[in-house]
Amino acid sequence: MRSHLIKPELGKAYPLIDYGKGIYLYDATGKRYVDGCSGAVSANIGHGITEIIEKMAEQANRVSFAYRAQFTSEPAEALAAKLAEWAPDRLNWSFFVNSGSEATETAQKMAIQYWQEKGFARKTRIISRWMSYHGITQGALSMSGHVLRRKRFVPILNDYPAVSAPYPYRRPAGMSLEEYAVSCANELEQALLRIGPEHVAAFIAEPVIGAAGGAVVPPDGYFQRIREICDQYDILLIADEVMTGLGRTGKKFAVEHWGIHPDLIALGKGMGAGYTPIAAVLASDDIVGTIAAGSGVIMGGHTYSANPQSTATALAVLQYMEQHDLVSQAAANGRYLLERLQQLAAKYPLIGEARGLGLLTGLEFVKNRPTKEPFALSLGIGQRVLEAAFRRGLLIYPAFGGLDGMAGDAVIVAPPLIITPEQIDEMIGLLDAAIAEVQ
Ligand code: PLP
């Protein structure tokens, strides 16, 4: 039958998905895939979980949709309360949207509105970093430092990143991690002095770089210094935890690894865990209090924001995570996964670095390990490893194209948080065979 569906690659044939169970997906031919990247780092609790499906059916039988300008609902209230319990201090408020792009763009707008309500209408710029991804909608892409994804649309983007992100693997020779952390963070201060803090509403960053770098973890001290600079120059700090949030890195929020409190957090992906599209902005008491005391209306939102069906599903996901202690499991199994990836790196010279935090891990490929020289532009080893893994029944996630040229030719390995050590071994076996095939 002729297809009318626009797929990512128009000329490619895709297998037909049949069903999913736990960390496995099965296509219509019966082929089994280990979901080594939780789809798009989103199916965080695995596929086909009966408890979630039952709660979804229960809610659908009651009411799926009630418009948020007309009603509030029990699941939306309960989900916001649960997130306030999970979130760092002061971040007691949730605004629900449907995708990570909407979340970062809503955070951007909330930051601008906050300053307007305080009488600083000129504070409208958001400083972001190269080697980042905040989403595909126009505002989110404007903040994104993902070269490949920006390229075509630069003429319609209204901004570009002003600072670089720490990339410890490629830091200047002879510089310690401590010095590098401070020097990268100080780029924010230099940008603020150049642009003028009176024009800047916020700084946005992914705590661990995802699609634009492949699980790049910042050095200790970086985010602490960033927080200091934000406070000193009166700008808000937005943590884009769309990929890292809700347990993925072995803490509820990745910012907890450095003990910092952002003013706004964007969430998505693992929040609906693949069972429903839902995302959120978590906002501080100060931000919501200021807007409540001013205009009283948050200018934003989408038709499906806070709908009962999606909020009930996300609530069931968080409850499931609590019942099965998945955040601590992600920390423990993440350490084991990284160990196994480091063993692969020791075996294959084309792996420049194995890195990550919790169950968000990555491999960067290089032509020459001692010099870290990347492969030629045409080779795309990350893509070839990904395709070889797919043929063998292992899904991993692309993280190349974030930088100009081939530096950062990486893939992400980020299985569902329910994965067991035995299943990690199974996954590593498939990955080993895939790398052996392309090396
Ligand atoms: N922010 C981060 C850190 C992401 O990784 C992504 C998606 O990959 C987004 C935002 C955009 O999310 P979505 O694709 O749900 O719009």
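The values are calculated or read from the model by the stated rules, or taken from the named source; none is laboratory data. Predicted, not measured: the structure shown is a model, and the values here were computed from it. Quick reminder, even Gly has a Cβ in these numbers, built from the backbone with ideal geometry, and neighbours come from all protein chains shown.
Worth pointing out:
- One residue stands out among those in the stretch 252-265 that are out of contact with any Leu (no Cβ under 8 Å at 6 or more places or on another chain) and touching a residue at least 60 places away in the same chain (Cβ under 8 Å): the one that is surrounded by the fewest Cβ atoms within 10 Å (Cβ to Cβ), which is E256.
- If you go through the stretch 158-167 and keep only what is under 20 Å from V216 (Cα atoms) and more than 15 Å from the ligand (Cβ to nearest atom), you end up with A162, V163, S164, P166, Y167.
Each row is one residue, and each column tells you yes or no for (1) touching an Asp or Glu at 6+ places or on another chain (Cβ under 8 Å); (2) at pLDDT below 95.
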residue	(1), (2)
L344	yes, no
Y348	no, no
G352	yes, no
R355	yes, no
L360	no, no
E364	yes, no
K367	yes, yes
E373	no, yes
V385	no, no
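- Just one of the listed residues (S176, S142) is modelled with pLDDT of 95 or more and under 29 Å from T276 (Cβ atoms), namely S142.
Residue-wise test of (1) within 16 Å of the ligand (Cβ to nearest atom); (2) within 12 Å of the chain's Cα centre (by Cα); (3) in a loop (DSSP other than H, G, I, E, B); (4) surrounded by fewer than 19 Cβ atoms within 10 Å (Cβ to Cβ).
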{"position": "Y169", "(1), (2), (3), (4)": "no, no, no, yes"}
{"position": "P172", "(1), (2), (3), (4)": "no, no, yes, yes"}
{"position": "A181", "(1), (2), (3), (4)": "no, no, no, no"}
{"position": "A185", "(1), (2), (3), (4)": "no, no, no, no"}
{"position": "G214", "(1), (2), (3), (4)": "yes, yes, yes, no"}
{"position": "G247", "(1), (2), (3), (4)": "yes, yes, yes, no"}
{"position": "G250", "(1), (2), (3), (4)": "no, no, yes, no"}
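- Among the residues making up the stretch 38-59, those that are aliphatic (A, V, I, L, M) and surrounded by 14 or more Cβ atoms within 10 Å (Cβ to Cβ) are A40, V41, A43, I45, I49, I52, M56.
- Restricting the stretch 85-138 to residues that are closer than 21 Å to E198 by Cα and part of a loop (DSSP other than H, G, I, E, B) leaves a set whose member that is nearest to the ligand (Cβ to nearest atom) is S128.
- Subset of the stretch 357-381 (residues that are among the small types (G, A, S) and free of Cβ contacts under 8 Å to residues at least 40 places away in the same chain): A376, S378, G380
- Subset of the stretch 36-55 (residues that are more than 16 Å from the ligand (Cβ to nearest atom) and either small (G, A, S) or in a loop (DSSP other than H, G, I, E, B) (or both)): G36, I45, G46, G48, I49
- Of all residues in the stretch 139-157 being crowded, with 22+ Cβ neighbours inside 10 Å and over 23 Å from M406 (Cβ atoms), the one that is farthest from the ligand (Cβ to nearest atom): S142
- Filtering G300, G294 for residues that are modelled with pLDDT under 95, of a type outside the set (D, E) and more than 13 Å from the ligand (Cβ to nearest atom) leaves a single hit, G300.
- Selection status of L267, within 16 Å of the ligand (Cβ to nearest atom), modelled with pLDDT of 95 or more, under 17 Å from the mean Cα position of the chain (by Cα) and at negative phi: yes
- E102 being touching a residue at least 40 places away in the same chain (Cβ under 8 Å), surrounded by fewer than 23 Cβ atoms within 10 Å (Cβ to Cβ) and in the same structural domain as Y233 (by TED's automatic domain parsing): no
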